[in-house]
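Following: one structure in structure tokens, then a few remarks.
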Ligand code: UDP
């Protein structure tokens, strides 16, 4: 079975690509490398291409017999989405329509789509379940919600089969140390705290300590990227076994505050660093914790790396290794397919 991994050079996509390969799937990774990294595509065939260009997607479907698609390719900076909504709607929504059009033309009707807890906005109840209202509070969340609706409409009209996976806070790195998180610019808490621990930044800023939470800092549900990857494999098998199109939360069901993350980093790295409390970052809900009961029951998902220290440990090991990789610019094996060049 051959699967297309759009955005497979990015953080979560590259981990899913690795898992797919381990389970014996043939993968074709399609990525424009705007935010993805060529070095992260160590498995399968790599095609440099852009979902903006329908002909480039066509060329992949002409050349390979694609049975299912994983779609990770999206912009995901919440703040930027507020400043430049057009960029987000085009990239995340219009480009997805391009992909769906080509899939339809080639009779490929299975897709696993990366969505987000940001589609829920400010939730009234915690933990968040899939049936709760979705009221995003930023354009990024709206783009993901728009695609969720598009998929459902395509299902009804054209028989598309989909699984929507709503991630909570993806964190950690490949436990085997081959790939990990590498955003530029980096805005996520754990890699930034690790930067402070490594002495690459003078301090870590805590955005708000006056929230209505036990220690005043924001609470999030951090989920190990390897556990996320496993859920994607199960989602594919679910569709292969004629499972009905559906949406699933993917989180640990455990809330960890910003200050608790900082403590975990200090414990794991055995390094001390400066912590500066600053004002709130706009658009941050106080608490985001999901219920993943549906994914456990229906997909049979069972996260393994549930402890925040385990998540931070893998992130730290990768963080140290990545510094060295950046110095040597090691490139992955020669698995590139020059479609369209
Ligand atoms: N955060 C922080 N300092 C930072 C980066 C993030 O205090 O330098 C907080 C942020 O306000 C949020 C939590 O850490 O409450 C997780 O933020 P992140 O950007 O990692 O993920 P998000 O929850 O926005 O998806």
Conditions (1) buried (at least 19 other Cβ atoms within 10 Å of the Cβ); (2) more than 10 Å from the ligand (Cβ to nearest atom); number of the one not met by residue 212: (1)
Whichever residue in segment 109-122 is closer than 17 Å to residue 155 by Cβ and without any contact (Cβ under 8 Å) to a residue 60 or more places away in the chain and, among such residues, is nearest to the ligand (Cβ to nearest atom): 113
Close pairs (7 angstrom Cβ cut-off, 6 or more residues apart or separate chains): under 25 Å from residue 204 (Cα atoms) and assigned to a helix (DSSP H, G or I) in segment 249-263, at pLDDT 95 or above and away from the ligand (no atom under 13 Å from the Cβ) anywhere: none
Strands (runs of 3 or more DSSP E) within segment 19-90 that include 2 or more residues closer than 26 Å to residue 241 by Cα: 26-31, 68-71
Flag if residue 125 is more than 30 Å from residue 254 (Cβ to Cβ) and away from the ligand (no atom under 16 Å from the Cβ): no
Filter pass, residue 169 being within 15 Å of the ligand (Cβ to nearest atom), more than 19 Å from the chain's Cα centre (by Cα) and either farther than 20 Å from residue 73 by Cβ or modelled with pLDDT of 95 or more (or both): no
Conditions (1) in contact with a strand residue (DSSP E or B) (Cβ under 7 Å, 6 or more places away or on another chain); (2) surrounded by fewer than 17 Cβ atoms within 10 Å (Cβ to Cβ); (3) modelled with pLDDT of 95 or more; number of the one not met by residue 284: (3)
Top-ranked residue of segment 255-264 - restricted to ones that are touching a helix residue (DSSP H, G or I) at 6+ places or on another chain (Cβ under 8 Å) and closer than 27 Å to residue 301 by Cβ, ranked as nearest to the ligand (Cβ to nearest atom): 258
Failed condition for residue 159, given (1) under 15 Å from the mean Cα position of the chain (by Cα); (2) away from the ligand (no atom under 16 Å from the Cβ): (1)
Residue match in segment 137-152 (condition: part of a helix (DSSP H, G or I) and farther than 27 Å from residue 284 by Cα): yes
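The values are calculated or read from the model by the stated rules, or taken from the named source; none is laboratory data. A quick note: this is a predicted structure, and the numbers were derived from the prediction, not measured. Using ideal geometry, Cβ is built from the backbone for each residue, glycine included, and neighbour counts are taken over all protein chains shown.
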